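Rule-based calculations on the coordinates, nothing more; no lab input. Quick caveat, the model's predicted, so the values are computed rather than measured. Because the Cβ atoms are built from the backbone with ideal geometry, glycine has one as well, and the counts that use them run over all protein chains shown.
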Amino acid sequence: MIGLPRHTGAIVLFGGAALVPLVIRDAFFLDSLVLILLWGALSAAWNVAGGYAGQVSIGHASFFGIGAYAGALMVTRFSKSPWLGMILGVVVSIGAGLVIGFLSNRLKGPYFALSTIALSQVLLIAVSRWRGFTAGGEGIPVPYRPGFATLGLGHVAWVYMALAVAIIYYGVEVYLEHSRIGYQLAGVREDEDAAEALGIATRRLKVIAVTVSAALTSVCGTLWAQYVGFVDPAYVFSVDLSVRFALNTIIGGIGTALGPYLGSILITVLETYLRATFAGMKAGFTGIYLVIYGAALILVVRWAPEGLTGIAARLRARWAAGARGARAHA
Amino acid sequence: MRHRAIPFVALIVALLASGTHAQSLSGEYKLGVLEPLTGPLAFEGKRHLEGLEIVRDMINERGGVMGKKLTFALADATDPTVAASEANRLITREGVKIIIGTFSSRLCGAASEVAARHNVIYWETSCVDPRFNKRGLKTVYRTEIDATGFGWYNVEFIAKHLAPRFNLKPNQIKIAFLSEDSSYGQGVTESARLRAKQEFGMQELAAEYYNWTTINDMTPIVLKLKQLNPDIVHHIGFGNDAVLFWRQSKEQNFLFKALVHAGATGYGGSDFGKALGNDANGVFALLEPGPGFRLEALKPEGQKIEREFREAVQKRTGSYPLGGHQLAGPGLWILKLVLDRAGTDDPDKFNAAVMSLDLPVGSSMNGWGVKFSETGQNANERVQHYMLQWQNSQLVTVWPEEFTTARAKWIPLGAWDQRK
Amino acid sequence: MDPARRLGPAQIDAVAQLGVSTVLLGGIYALIAVGLTLIFGIMRVVNFAHGEFLMLGMYLAFWSFTLWGVDPYFILFVAIPLFFMVGLVTYVLVMKGVITASHNVQIFTTFGLSILLQNVALVSWSGDFRFVRPWHLSVALRVGGTTFNLSQVVAFVISVVLTVALFAFMKFTHTGRVMRATAQDRDAATLMGIDTDRVYRLTFAIGIAAVGAAGVLVAPLYSVYPTAGLQFVLLSYVVVVLGGLGDMAGALIGSLIVAAVEVAGSYVFGIAWKEIFYFLLFILVLVFRPAGLFGQRGSETLGA
C-alpha cells in the first residue's frame, strides 16, 4: 500500500472517468461526471492561488464569469467560435488577475479575501447594468450548435473534454509541486518574510500565481457556459460559486494536487444525492439538504482541516504503525 | 493519496446508481415538475407547486391524462446549473417525457435546452424571457406571454384607459420608469418604454434600474422623481422594493396620477397588501384575474373549472388564487387539453395537437384562450391579462371592463390620505 | 445630472432630506457593524454568518409581534440577553476550535454556519416574505422641509445608545481594557495572564448580541425572509474596514460615510450604481489605507 507509484490516485480517478462513458450511457450519470470534473478543474485552478501560493480568494467567480461572458458574447454578438471567446476571456481575466495580484501584495488574510469578494460584486453589478452589451440582468442564452468549433458536444464528448481539462490542470498542480517555482511559492506561502530574506521575488511570484489561476478559471467558465447554455450574471459572479471552488479544495486537501478533485467528487455527489432524495418531499423540506451541507461543512472544516488528504494520511500512518507493530510481535 | 481514490470511485458509483427509480407503473403517468423550491425564489416556486397540485387533483377526478392517473416527479431548481442537471435527472432517471416549470427566466433557459436536446417536451407556464421561444428549439412551449406582452398591455392600459380620464392625450403623458434589474423587470420595462415612445409618443422622464435584494432606501430616487414630476410612474417591483417605494413616496408626499406595475410579484403580490393595508389603495398591477372578475364573461366550461379551482385554492391556502397559482394551474390544464387531443406524448403528434388547439379567450380558469404560434408561444391576444387595482386591502379586477364588475377608482390619485 | 436642477428651496429641502436619510441609515448600519468590528478586531475572525444572526433577530421580532403582539422595542430587552447566550453557545460549539486555525478554515466554518442558519430558517418558516408592522411604522414626523419615519428614528436612537454604551464599556471598564489588550497582541496578553479564551467568548457573545438587537430594530423597516442577512453582510464589512478593525467610533463614522456615499450616489447618478460606489470605496480604502480611516497604520498585517 505504501509502495504504490506516485500518481496512482490520479490514474485510478481519471482512468476510471475515461472508462465510464464506454460502459454507462445514462445521461444523468454522464452529466454528473462532467460537473464533477469541471468543478474539480475549477477547484484545482483555485488551488494554484489559494493552496500553493497561500492567497485565499473568495472572488474567483470574477474570472469564471469573465470566461463565461466572453464565450457567450463571442457566439451571440459576434457570431464567432466560443474558442475565440475563450482566448478573449483569458486575456481579460489576466487583466483582472493582475488587479487581484496587486491587491495581494498590499493586503493580507481576511482583507485580501474581502477585496476579492468586492471585485466579483463590482463585476456583477457592472455587467447587470450594461444592458446594451451584455443584455444586463436578463443574461444570455447560449445556443447549442452541434460541432467541435462551436463546442456543441454530446454527453460523451463532454465527459472527455472535461476530463482533458481536469488532467491538464492536475498536471499544472503537479508541476508546481516539483518545480523550482513551486518550491519558491511554498516559501512564500509558509513564511513570506523569510522567503523574501532569502532573495525570492515574492511579490512577483504571487502575482504570477494569481494570474495563472485566473486564466485557468476563465477557460472553465467558457466551457461551462457552452455546457449549461445560459449565462446569468447573478449566478456566474456569485459569492456562492467562489466559495464552492475553495470549498472543494479545502475539503479535499488544500495544496495537494488531487485534493480539489476529491473534494469535488464528495461535494457534488453529496449535493446531487441529497437534492434528488429530498426533492420529492413537501416543498418546505427541500431546504434540508442545504442544512446538512452547511453542518457537514462545519464539521469537516473543524475536525479535519487538512481535508481528505489529511484523513488518509492519518489512516495510512496508523496502518503503517499497526503493520510494524504486528511484524514486531510476530 | 493513491489508493484513497478507489473507495471514492466506488462511492460515486454506489450513490449515483442508487438514484435509479422504477419507470412509471401502468396506470400512472409521470410528469416532471421543475420549480425553485429553495433559494430566493422559493416563495413563488411554492405557489406554483400548489397550483399544479390542485389542478393535478382536478385532472385526476376527471379520469387523469390519457386514461392514466397523473403523478409528479419533483425537482428543485435553485440555479441554472442545477436546473439543467435536474432536468437531466428527470429525463434519464425518472423517465419523464414532459417537463413542466419553471417560473424564472434564468432557470427555464438552461432547463429547456436540456429537454430539447433529449427530444423531451418542455412546457413552460410562467417565465417571461422574450427570447425563450426564439431559439429554434422544437419541443419547447410556453402558455404565458412573454415580458414584452406585459409591457404591451401596460401601455395599452395607460394610453387607452387612463389618459382620457386625466384629460390628456397619450403624447402628453409624462412617464417615469423604475424597475428591478433582473430579466423580468428589464423585459417588461424595455418593451413598455419602446411602445410608449414609438406608438404613443409619451414623454419619458427617467428610466432607472436597481437590485431588488439589496435596495434598502428609496428616498433618493423618490426625491429625484418628485422633482421631475411625472404623471405616471411605471414601476416593476419584485418584493419589498415595492413596499419601500410606496411607503417612502407617501412619506415624502410624492404625488403623481397613477402607478402601474405588471406581474404577480411586488405590487402584485399579497405581501404588498399585507404590508400596507389601506395605504396600498390605488396601485395598478397587470395580473391574472382576481375578485371582481365577471365570471359570466367566461365560457361555460371556463366558469365550471374556475369555481372548482378557486375553491380548492381557498381551501388549501386560505386566499383567493394568487398570480403564481393562476399561472401554473391553468398552464397544466392546457397541457391536459393537449394530451387529451394528442392521446400520446410522442413529440410530433404532441406538436400537431398543440398547433391544432384553438380556444377563445374565456375558456380557461383564468380567462385565457389558446392559440400557439409555430415557435410554441401562446398568442398575446389569447393570454388575456387584466389590470387589477388595490382597493381596501384587496386586488380587484378593473380592466378590461367587459370582464369586470368592479371599476377603477382614484383616477387620478389624489392626496395620499384621501384614498379611501 | 439633471439639467433642470437649480439651487432653489426645493433642492435645499431635497439635500436636507437626503441628509436625514443618511443619518438614519448610518445609525442602523453602525449597530450591525459594531458587533462585526468587535469580533473581527479582537478575534481576527471573519464571521460570514453575521448577516444570519441579523436575520434571526428579525424573525424573533416577527414571531413575538405576530404571536403575542409584542412591539419590537420591548422584545429588545429579551433579545439582547438571548442573543448573548446564542453567541456563547455558538462560540463554544463552532468558533472556539477555529480561532487558531488558518483564515480559510475560519471563513469556511462561518460560511457553513451561514448556510446552515439560512436553511434552518427556510425549512422552519418557509421562504415567504414576512412583515412586522407596528403602529409607529406609518407615523411620519415632519420637521421643516424634511420627513422622518418614526420607526427609523427610534431604531436610530436605540442603535446609537447601544453603540455608545458598548464604546463606554470598551473604554472605561476593566473587561473592556482586557479585550482591547487582547486585540492588540494575543500572545502578550496571554503572557500577562489574560484568559484569552474567556475574552473571545465574551467578545463573540457581545458581537452577536449587538447584531441580534440590530435585527430586532430593523425588522419593521425591511422584509423578513431567510436570506435577508445577505444584503447587510457585505455592507457591514465595508463599514468595518473603513472604520478600522475593532474601532467602535470608527464603525459609527464609517457607517455614516457608507450611508452618505450610497444616498448621494443614488441621488446623483441613479440607484443603479448604488452598490458600485461603496464597493469601489472599499477597494480604494483597502489599497490606500487598509487600516481604515482611524485604525493604526499597519495594523491590517497584525495578528494575521
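Helices in chain A, meaning DSSP H runs of at least 4 residues, each add -39500 (n - 2.57). Divided by all residues, the mean residue ellipticity at 222 nm is -25000 deg cm²/dmol. Residue by residue along B:111-118, Cβ atoms of other protein chains within 10 Å of the local Cβ number 4 on average. Against chain C, whose longest principal axis comes from its Cα atoms, helix C:196-218 is set at around 20 degrees.
With the alpha-carbon atoms of chain B aligned to their principal axes, the span from lowest to highest coordinate is 70, 63, 40 Å, starting with the largest.
For B:T404, the residues whose modelled amide H falls within less than 5 Å of its own, excluding neighbours fewer than 5 places apart on the same chain, are B:R294. For B:Q384, the residues 5 or more places off, or on other chains, whose built amide H falls under 5 Å of its own are B:G369.
Centre-to-centre, using Cα atoms only, the stretch A:58-109 and the stretch B:382-412 are separated by 49 Å.
Extension gain, C:A165 to C:W68, is 32.0 nm, computed as 0.36 nm per intervening residue step minus the present C-alpha separation. The GNM of chain A, with springs linking C-alpha atoms under 10 angstrom apart, assigns the highest mean-square fluctuation among A:H178, A:H60, A:H155 to A:H178. Mean-square fluctuations from a GNM of chain C, with a 10 angstrom spring cutoff on Cα atoms, peak among C:G265, C:G212, C:G87 at C:G265. Peptide packing for A:189-202, C:275-288 was compared via the average number of neighbouring C-beta atoms within 10 Å per residue; ordered from the highest value, the list is C:275-288, A:189-202. Only one residue of B:Q303, B:G343, B:Q314 has its Cα farthest out toward the positive end of the dipole of the stretch B:297-352, where Lys and Arg carry +1 and Asp and Glu -1 on Cβ, and that residue is B:Q314. For the protein assembly as shown, the residue among A:L84, A:L185, A:S57 whose Cα projects farthest onto the positive side of the dipole built from Cβ charges is A:L185.
Placing +1 on the Cβ of every Lys and Arg and -1 on the Cβ of every Asp and Glu, with no other charges, gives the stretch A:8-238 a dipole of roughly 620 debye about its Cα centre. Taking amide H atoms as placed 1.01 Å from N in the peptide plane, the amide H of B:L205 lies under 5 Å from those of B:I175, B:A176, B:F177, each 5 or more residues away in sequence or on another chain. Take each residue in B:72-79, count the other chain C-beta atoms within 10 Å of its C-beta, and the mean is 5. Bridges between two residues of the protein assembly as shown, per DSSP, are antiparallel at a rate of about 35%.
Phi angles of the stretch A:122-132 translate, via the Karplus equation with coefficients 6.51, -1.76, 1.60 and θ = phi - 60°, into HN-Hα couplings of 4, 5, 4, 5, 4, 5, 5, 8, 7, 4, x Hz per residue; Gly and Pro are given as x. Estimated from the Cβ-Cβ distance and a Förster radius of 60 angstrom, the FRET efficiency linking A:H7 and B:F166 is about 0.20.
For the stretch C:5-145, the relative contact order comes to 32 percent (Cα pairs under 8 Å, sequence separation of at least 6). Note: the protein assembly as shown, Cα convex hull, 178 Å³ per residue. Here the Gaussian network model covers chain A, with springs between Cα atoms less than 10 Å apart; of A:F63, A:F148, A:F237, A:F148 fluctuates the most.
With the biggest extent put first, the Cα atoms of the stretch A:8-238 measure 55, 48, 25 Å across the principal axes.
FRET efficiency for the pair B:R307 and A:L22, taken as 1/(1 + (r/R0)^6) with r the Cβ-Cβ distance and R0 = 51 Å, rounds to 0.30.
In sequence order, the stretch B:387-393 has phi-based couplings of 9, 10, 9, 6, 9, 6, 6 Hz under the Karplus curve 6.51 cos²θ - 1.76 cosθ + 1.60, θ = phi - 60°, and Gly or Pro positions carry x. The mean sequence distance of close C-alpha pairs (under 8 Å, at least 6 residues apart), as a share of the length of chain B, puts its relative contact order at 16 percent.
Which percent of the Cα-Cα distances in the stretch B:204-312 go past 16 Å? Within the stretch B:204-312, distances greater than 16 Å cover 63 percent of Cα pairs. In sequence order, the stretch B:225-230 has phi-based couplings of 5, 4, 6, 7, 6, x Hz under the Karplus curve 6.51 cos²θ - 1.76 cosθ + 1.60, θ = phi - 60°, and Gly or Pro positions carry x.
Think of the stretch B:204-350 as a dipole: +1 on every Lys or Arg Cβ, -1 on every Asp or Glu Cβ, centred on the Cα centre; then among B:V222, B:L259, B:A280, B:A280 lies furthest on the positive end. Look at the stretch B:83-92: the mean tally of other chain Cβ atoms within 10 Å of its residues' Cβ atoms is 6. For chain C, averaging the sequence separation of C-alpha pairs within contact (under 8 Å, six or more residues apart) and dividing by the residue count gives a relative contact order of 36 percent.
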